[in-house]
């Protein structure tokens, strides 16, 4: 039994949806909002949180295809369904594409639609529960790390080499867990549209230097050399400084992981063209690693995606590059990766000036 009702947004491309669709959700178990235009739909998505989005059309709607195919960008955890004649939905990509003419004559249409709404509500509830767990796990995990650091510093007495090694391993695992919780929390904030950018003018050299300083020890362990190439004069950029540093941190960390011993990582910033063909700044992180299989380049910024080829075996959760994409796109920028002719990969992103 659910403590709240499934919240449904019905977008009917015609003057009014079929009565049978309305009757399915016209009871106390559901909360239904109906809209009849793209503008009204956008307003509803911006102001409300829905478990299930249903698009209903009795004929083809090519002018709405792009909007409907991107509907998940407004609420990634929302389940979507296109309901209409086959010719109206064949070019629309949603979680469910159903031919209304066939289904409405079926005996179980009402139950099918209700089950879909309850499934959507369950997915949304699980997402909310995940947010609570992430929040509640962070504090005790940090406390455990603090206690381990006290032991590692031998505050309570001397420890032998084997004990210190075990505590050191436990500290690394704890720090990895904190890092994962931070990434999951950031992804959740983005996907629930609760993310806010705090933009201000940035000094790009200072921004990059802070990131390189934080990664110096990690690179030094592999004797990797950083080669930053940033002109003394660049157009002023307005961005969320900590978020931009997170992008650089993730990309350079990725480069360190895959660059061989005594390798070189180049970080370049230069003027160029942003995502909307406006003037902007382009950042490039160039490693000397094994490269990425060509067939996987278009997927590496997807959530939880990890390259599984023999040449790239570094452990990870598949969130770092996805977070980079979210932050860059929130700044109206673009991000991508290519393989270098001489070997290695180049990860790049651009931001408007």
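The values are calculated or read from the model by the stated rules, or taken from the named source; none is laboratory data. Values in this document were obtained by computation on a predicted structure and should not be read as measured data. Glycine gets a Cβ as well: all are built from the backbone with ideal geometry, and neighbour counts include every protein chain shown.
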From the list 107, 59, which residue is surrounded by fewer than 15 Cβ atoms within 10 Å (Cβ to Cβ) and within 17 Å of residue 12 (Cβ to Cβ)? 59
Only unsatisfied item for residue 265, checking (1) under 28 Å from residue 217 (Cα atoms); (2) modelled with pLDDT under 90, is (2)
Can you find a residue in region 84-93 that is outside the structural domain of residue 326 (by TED's automatic domain parsing), more than 12 Å from residue 10 (Cα to Cα), at pLDDT 85 or above and under 21 Å from the mean Cα position of the chain (by Cα)? no
Residue hits (region 242-274; in a helix (DSSP H, G or I) and either more than 20 Å from the chain's Cα centre (by Cα) or in contact (Cβ under 8 Å) with a residue 60 or more places away in the chain (or both)) are 243, 244, 246, 247, 250, 251, 253, 254, 255, 256, 257, 258
Of all the residues that make up region 338-353, how many are surrounded by 21 or more Cβ atoms within 10 Å (Cβ to Cβ) and farther than 20 Å from residue 241 by Cα? 2
What is the number of the single condition among (1) modelled with pLDDT of 90 or more; (2) more than 27 Å from the chain's Cα centre (by Cα) that residue 9 does not meet? (2)
Identify the residue in region 218-241 that is in contact (Cβ under 8 Å) with a residue 24 or more places away in the chain and either in a helix (DSSP H, G or I) or not assigned by TED's automatic domain parsing to the domain that holds residue 267 (or both) and, among all such residues, is farthest from residue 285 (Cα to Cα). 241
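Residue by residue, here is whether (1) outside the structural domain of residue 32 (by TED's automatic domain parsing); (2) under 21 Å from residue 99 (Cα atoms); (3) modelled with pLDDT under 85 holds:
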residue: 45; (1), (2), (3): no, no, no
residue: 48; (1), (2), (3): no, no, yes
residue: 55; (1), (2), (3): no, yes, no
residue: 59; (1), (2), (3): no, yes, yes
residue: 65; (1), (2), (3): no, yes, yes
residue: 71; (1), (2), (3): no, yes, yes
residue: 75; (1), (2), (3): no, no, yes
residue: 79; (1), (2), (3): no, yes, no
residue: 82; (1), (2), (3): no, yes, no
